[in-house]
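Down below is the structure, laid out as structure tokens.
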Amino acid sequence: MGSYTGYRCVRCGTDYPPGLMFTGCPRCRTDGHPANLEVVIDLDRARASFDPGRLASRPTSMWRYHELLPVDPDAAVTMGEGMTPLVPLPRLGRELGLPNLHAKVEGGNPSWSFKDRLASSAVSVARAMGSRVITGSSSGNAGAATAAYSARAGLPCVMFTTQQFPAAMRVGMAVYGTLLVAMPTIADRWTMVQAGVERLGWFPATIFMVPLVGSNPHGIEGYKTIAFELVEQLGRVPDHVVFPVGAGDAFAGAWKGFREYHELGVTDRLPTMLAAEVFGPLQAALEAGAEDVGKVPWGPTPAISVGLDTSAYQALAVLRASGGAAGSASDDAILAIQQRLAATEGIYAEASSVLSLAALAGMVERGVLDPDATIVAVLTSSGLKDPDTTLAQLPAIPLGEPDLDAVLGLLRDTYGAELPGPVPA
């Protein structure tokens, strides 16, 4: 099982031995403050063979960092996930007043989202531990990724969902041969995952506990590689890293990655972590100095993947440890920046993903980040995961005539486009 030696609670610090622990810290749950566990990696063992200066000779996937992951590379269930592009955003950055803005484009993963990192790590551990069935609860990215990697591992996947989610997401889960079952409510989905775990020994890849603690700790380990890649791609630690945050799995995982690199001596500093939210439960908890994240008013949103009325303690802990901040954005702002990102930089990301960009303007206004700093916004998934939401915001395609002058007039009238003529000889 690689460098994995057990678990540690993210709240109270209690250590637990290796095994199958998916419901968070028993001690904290008993005390009424549920918190997730994190996997403990033997960094001394990792240090013996991990040389960040020799990464170029390794596979271009997240498993190039295998000493810091919970299973050995020969046990990895992989399709080349990770090493996604880090793209400067000069034009959009100028519009936002952020000259050193970059995007980590996670839509480049095999199933088009950052969840491939979680699924690769979780399913690898499941297979190494001898688990026979993978399960989870999702209406989108996590379900598609878990299904894809379960198929890759040759393991059945039972995924619980609801009936209200985009058709592209439905296809993205079902096409991998998933045993897909719709439940009346999200709470029902989680109840069925828990029943499968407790009664039948199924291995859960996703969130299923109430109150919310977060996903499988072994899956969260996969998200550490976002931090490792950012250091490798930038050549240093970014000043600020902003994620769209729901339960905070990737947020907590990336922070753990930055911490481990710092502890290993690979880096000499840590970034400030910023949480982009829809409804603001983390911001409310920070402002109140709360010990836990409470619930806030909730409603429909195009940012469906992170549209939660609460978050997990793990995300709040990251904000406090990194000196970070949380911010939100309106639905209109999310949809507007989705189109601006595509039109100015050529990147089409899911509405939930661009929340990381949409929330930045408010954070600048509040003075919680330096606009001249190096900022990385993580774009968690491709816009093709939910094209219908985008299509509803786009103008109808005009019907033209096969005459160039008529087409030029149509372009002026419809789009306000005055196109340049031929280049002078």
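Throughout, read-outs are computed from the coordinates displayed, never taken from laboratory work. The shown structure was predicted, so the numbers you read here are calculated from the model rather than taken from an experiment. Every residue, glycine as well, gets a Cβ built from its backbone with ideal geometry; the counts of neighbours run over all protein chains shown.
Things worth noting here:
- With a Förster radius of 51 Å applied to the C-beta separation of Thr14 and Ala425, the computed FRET efficiency comes to 0.10.
- When the alpha carbon coordinates of the stretch 274-425 are projected onto the principal axes, the ranges are 67, 35, 22 Å, largest first.
- Estimated purely from DSSP H runs of n ≥ 4, each contributing -39500 (n - 2.57), the mean residue ellipticity at 222 nm for the chain is -12000 deg cm²/dmol once divided by its residues.
- Alpha carbon convex hull of the stretch 149-282, projected area averaged over orientations, nm²: 10.2
- In units of the compact-protein estimate 2.2 N^0.38 Å, the stretch 140-184 shows a Cα radius of gyration of 1.03.
- Here the 3J(HN,Hα) profile of the stretch 67-82, calculated from phi with Karplus coefficients 6.51, -1.76 and 1.60 at θ = phi - 60°, is 4, 9, 10, x, 10, 5, x, 6, 9, 6, 9, 9, 10, x, 5, x Hz, Gly and Pro shown as x.
- Translational diffusion coefficient (Stokes-Einstein; Kirkwood radius from C-alpha pairs) of the stretch 188-266 at 37 °C, 0.692 mPa s, in µm²/s: 233
- Efficiency of FRET from Cβ geometry, Gln164 and Ala417, R₀ 56 Å, rounded to 0.05: 0.90
- Going from the residue with the fewest nearby Cβ atoms within 10 Å to the one with the most, Tyr223, Tyr16, Tyr176 rank Tyr16, Tyr176, Tyr223.
- The stretch 105-187: mean projected area of Cα convex hull, nm²: 5.3
- Kirkwood hydrodynamic radius of the chain, from inverse mean 1/r over distinct Cα pairs, in Å: 22.1
- With 5 Å bins from 0: P(r) over the stretch 55-160, alpha-carbon pairs, percent: 2, 13, 20, 19, 16, 11, 8, 6, 4, 2, 0
- Long-range HN-HN contacts of Ala326 with modeled amide H, under 5 Å: Ala275
- Extension gain for the segment Asp309 to Asp188, taken as residue separation times 0.36 nm less the Cα-Cα distance, is 41.9 nm to one decimal.
- The tail of the calculated P(r) for the stretch 38-114 beyond 22 Å holds 43 percent of all Cα-Cα pairs.
- Cα extents of the stretch 356-413 along the three principal axes, largest first (Å): 53, 27, 18
- 27 Å Cα-Cα reach of Lys224 towards lysines, excluding residues that sit fewer than 8 places from it in its own chain: Lys104, Lys115, Lys256, Lys385
- For the chain, a Gaussian network of Cα nodes joined below 10 Å ranks Pro371, Pro281, Pro17 by mean-square fluctuation, and the top entry is Pro17.
- P(r) tail, the stretch 18-81: Cα-Cα pairs separated by more than 16 Å, 60% of all pairs.
- Between Pro297, Pro166, Pro204, the GNM of the chain built on Cα springs shorter than 10 angstrom shows Pro297 fluctuating the most.
- 3J(HN,Hα) along the stretch 193-201, derived from phi through the Karplus expression 6.51 cos²θ - 1.76 cosθ + 1.60 where θ = phi - 60°, amounts to 4, 4, 5, x, 5, 6, 8, 10, x Hz, with x in place of Gly and Pro.
- Computed over the stretch 228-313, the Cα gyration tensor eigenvalues convert (square root of 5λ each) into semi-axes of 28, 14, 10 Å, ordered from largest to smallest.
- Two-site FRET efficiency, Asp72 against Leu270, from Cβ-Cβ distance with R₀ of 25 Å, rounded to 0.05: 0.35
- Treating each Cα of the stretch 319-406 as an identical point scatterer and summing with the Debye formula, the log10 of I(q)/I(0) at q = 0.11, 0.12, 0.14, 0.25 Å⁻¹ comes to -0.41, -0.47, -0.60, -1.28.
- The string of couplings for the stretch 205-215 from the Karplus curve (6.51, -1.76, 1.60, θ = phi - 60°) is 9, 10, 4, 7, 8, 10, x, 5, 10, x, 7 Hz, one whole number per residue in order, with x for Gly and Pro.
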